[in-house]
């Protein structure tokens with residue numbers, strides 16, 4: 001399990017509940033957080049068939065990676081520039097998931113009763129071990145030792161006693177944590193490659209703490225990595241868009257030198273040199289087509305964050321901006337919940 005890593009993206013997903021106790025599951029569903037999307041199953045074989053037929057992870061690193069060893073157009077030095085690894089990462093494609101309405105239907109966590117006569121919970125977990133879905137076993141006292149053993153053997157990710165004090169809070173917390181881990185695990189290979197870049201903030205513990213606080217303070221429920229340095233497109237619980245733009249000291253120095261070398265206006269050079277503003281060009285086309293004399297429209301006030309490995313500069317852009325992400329085509333979680 002990937003620990004203490006930012007995922008390449010995160011969005012609300014669906015939790016599957018499986019328990020042959022119909023009344024228990026119906027009562028539980030009435031107490032679940034209203035912001036939690038879920039599906040209820042009372043028969044293990046129906047739940048198993050549903051997952052086998054319908055599980056589809058939209059977070060698919062293989063779609064975003066290509067082997068640089070096969071890139072004949074790149075020399076050795078150019079290959080080394082790609083995050084010091086042998087993979088080329090198509091970061092720009094990640095945020096396009098905001099246009100996929102079914103992304104919220106993706107099953108990330110399954111909550112499964114242990115004691116079911118047709119197929120017990122651990123048998124169900126074994127039958128779905130080929131899926132990266134996180135699994136929580138609900139058990140009574142009789143199944144406690146078995147659940148502990150299954151956890152130690154990594155067949156399940158959590159187990160919760162049905163009658164324990166604070167059961168509902170424990171369950172909600174576990175689902176929340178495992179939804180986060182689900183995305184972190186799927187993203188792990190990409191994040192590890194990006195962390196190899198000395199300019200990246202993605203592996204810096206101080207930035208990780210800052211990032212978590214930022215999400216909490218801004219009520220962020222979705223985020224998508226858009227630049228290797230650590231820039232994110234985010235959506236909050238009210239469907240408002242935010243951009244968190246992060247650049248390292250080396251990036252800021254590079255912007256300054258490019259501005260000076262291309263005779264940018266004094267105001268642009270000074271803003272960059274004095275670390276008052278940073279430059280954010282969203283697309284590859286922007287980087288090619290927007291000349292330095294137009295940079296003033298793409299500069300944003302910054303704050304400094306002293307990280308463990310680097311000094312970072314970040315800017316926050318709230319609400320609609322000049323960056324074209326087709327807001328009319330975005331599908332929002334609030335609308336998804338209304339349809340459930």
- Task: Could you tell me which of the residues 137, 175 is in a strand (DSSP E or B), at pLDDT 95 or above and surrounded by 14 or more Cβ atoms within 10 Å (Cβ to Cβ)?
- Result: 137
- Query: Of everything in the stretch 1-50 that's loosely packed, with under 15 Cβ neighbours inside 10 Å and under 22 Å from the mean Cα position of the chain (by Cα), which residue is farthest from residue 162 (Cα to Cα)?
  - Reply: 4
- Item | Hey, residue 304 more than 22 Å from the chain's Cα centre (by Cα) and either within 19 Å of residue 96 (Cβ to Cβ) or without any contact (Cβ under 8 Å) to a residue 24 or more places away in the chain (or both) or not | no
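Would you confirm whether any residue within the stretch 316-326 is at pLDDT 95 or above and either more than 18 Å from residue 99 (Cβ to Cβ) or loosely packed, with under 12 Cβ neighbours inside 10 Å (or both)? Full working, then the answer.
Filtering the stretch 316-326 for residues at pLDDT 95 or above gives 316.
Now drop any that are not either more than 18 Å from residue 99 (Cβ to Cβ) or loosely packed, with under 12 Cβ neighbours inside 10 Å (or both), which leaves 316.
Yes; the residues of the stretch 316-326 include at least one that is at pLDDT 95 or above and either more than 18 Å from residue 99 (Cβ to Cβ) or loosely packed, with under 12 Cβ neighbours inside 10 Å (or both).
The values are calculated or read from the model by the stated rules, or taken from the named source; none is laboratory data. None of these values were measured; they are calculated from a predicted model. Ideal geometry is used to build each Cβ from the backbone, glycine not excepted, and the neighbour counts take in all protein chains shown.
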